[in-house]
Every structure is written in C-alpha cells, then in structure tokens.
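The values are calculated or read from the model by the stated rules, or taken from the named source; none is laboratory data. Source: prediction; values computed, not measured. Cβ placement follows ideal geometry from the backbone for every residue including glycine, while neighbour counts extend to all protein chains displayed. Heads up: the accessible areas ignore ligands, DNA and RNA and are worked out on the full protein's heavy atoms, side chains in. Shrake-Rupley method; radii C 1.70, N 1.55, O 1.52, S 1.80 Å.
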Amino acid sequence: MDDDHIIDWFDCGRDEQMNSWLYKHARKWQDEHLCQVWVLSSTETPGDPIGFFTLSAHQVTPESVPTAHRTNARDNRAWVNNLQASFPASLLGKFALAAGFQGQEFGEILMLCAYAQHLEAASHLGAKFLVLDAQHSNLAAYYETRFGFLHTSRVEGHERMIKSTKAIAAELAEAL
C-alpha cells in the first residue's frame, strides 16, 4: 500500500471494524513495520482498492499443529515431532474484499496474492505455515473448504487456522 491508494471509501460490507482499520490504522501499522499491507486494484483504477490483506511475522507452537502436518520429509518426522521451539510462520492478519467485488472470484485472486507474498517472505526468513484467525465460524468454514486451512485452536474468541508453506507452494504452482 502506498499514498496513491484511496482507502477512505473502502467497504467490505460485513465488518465495520475491518473498514475502519484500513483507513484509520493501516498506514500507521505499515510505517511502524507491524505488518505489510497489500492492495489489490484494477489497472483502470489503480488507486481504488478491490481488496487488501496484511502479512506479518508470526510463530506457531508445536502443540497447536496436528502431528501429521508438522513435517514435510518423512526422515525428519522424529525430531520435528519432538521439537520444543515454535515454528516460524506468517500471519495473514487482515483479508477483505470490497462488497461490490465479492462472489466474483476476487477472493481467490486476493488469496493467491497473499500466497505469493507469503512464499516470498518464507524464501528469505523461513516460514513453515501461513496462519490466520477467523473471527466467525462461517469465515472459518470458508477458509477451510475453499482454501484448505486447518483448524488448530481457539485464540481470544477466534478460530486459529494454518496452512503449510509446502501446500501453498503446490497450490500456487498449480494455479499459475
């Protein structure tokens, strides 16, 4: 996100807190390196957001990850399953589409953009998972059925969900 994005009018149609966060806090959070904000817009109106998402560094405790999803390589299973340190991850903190663009495949495009940015970050810093906290059960069901995120726990009233970087890389490669 940069100063050319006109974010004051953004309305996802479902969550006034999400709208408010974008125009009141997004630039401040990005300036303080609390997260990076990405905006999806059309080539015809590049300053008008269709949607946006944020990513930031995160970590996941081993006990919150299902055993079957802790390791990519069978040879590493024994030591990874006994790992006491947290797994590095990226947090998909915010994810929203403008109301007028919902139901038109833009959610999938926005998620593929988030996947690409997650993979780029993981290539530099390492991140075993992409994590999100779904605020509502219907959102959790959407992320699970549409994007393959796994439920891991409840955190502060939200449904914590993860998807492995390996699965994201495979899905992104297939989509492109």
- Item | Search result, residues across segment 9-47 that are of a type in the set (D, E) and over 30 Å from S123 (Cα atoms) | D11, D15, E16, E44
- Taking interchain pairs and intrachain pairs at least six residues apart, which have beta carbon atoms under 7 angstrom, with the first residue in segment 105-130 and under 22 Å from T61 (Cα atoms) and the second open to solvent by less than 50 Å² (accessible area, probe 1.4 Å) and in a loop (DSSP other than H, G, I, E, B)? H118/A127; A121/A127
- Answer with yes or no whether Y115 is closer than 29 Å to K24 by Cβ, open to solvent by 20 Å² or more (accessible area, probe 1.4 Å) and assigned to a helix (DSSP H, G or I). no
- Note on segment 45-61: residues in contact with a helix residue (DSSP H, G or I) (Cβ under 8 Å, 6 or more places away or on another chain) and open to solvent by 20 Å² or more (accessible area, probe 1.4 Å) are A57
- Residues of segment 118-132 that turn out to be open to solvent by 50 Å² or more (accessible area, probe 1.4 Å) and either part of a strand (DSSP E or B) or closer than 21 Å to T71 by Cβ (or both), as a count: 2
- Message: Tell me the residue from S41, S86, S64 that is within 21 Å of E159 (Cβ to Cβ) and open to solvent by 30 Å² or more (accessible area, probe 1.4 Å), please.
- Response: S86
- What tally of residues in segment 93-112 results from selecting those that are open to solvent by less than 20 Å² (accessible area, probe 1.4 Å) and polar (S, T, N, Q)? 0
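Yes/no matrix, rows are residues, columns are (1) out of contact with any strand residue (DSSP E or B) (no Cβ under 6 Å at 6 or more places or on another chain); (2) among the basic types (K, R); (3) touching a residue at least 12 places away in the same chain (Cβ under 8 Å):
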position	(1), (2), (3)
H5	no, no, yes
G13	yes, no, yes
H25	yes, no, no
D31	yes, no, no
I50	no, no, yes
A89	no, no, yes
G103	yes, no, no
- Is it true that some residue in segment 149-164 is crowded, with 19+ Cβ neighbours inside 10 Å and assigned to a helix (DSSP H, G or I)? no
- Item | Enumeration of residues in segment 133-148 that are part of a helix (DSSP H, G or I) and crowded, with 17+ Cβ neighbours inside 10 Å | L139, A140, Y143, F147
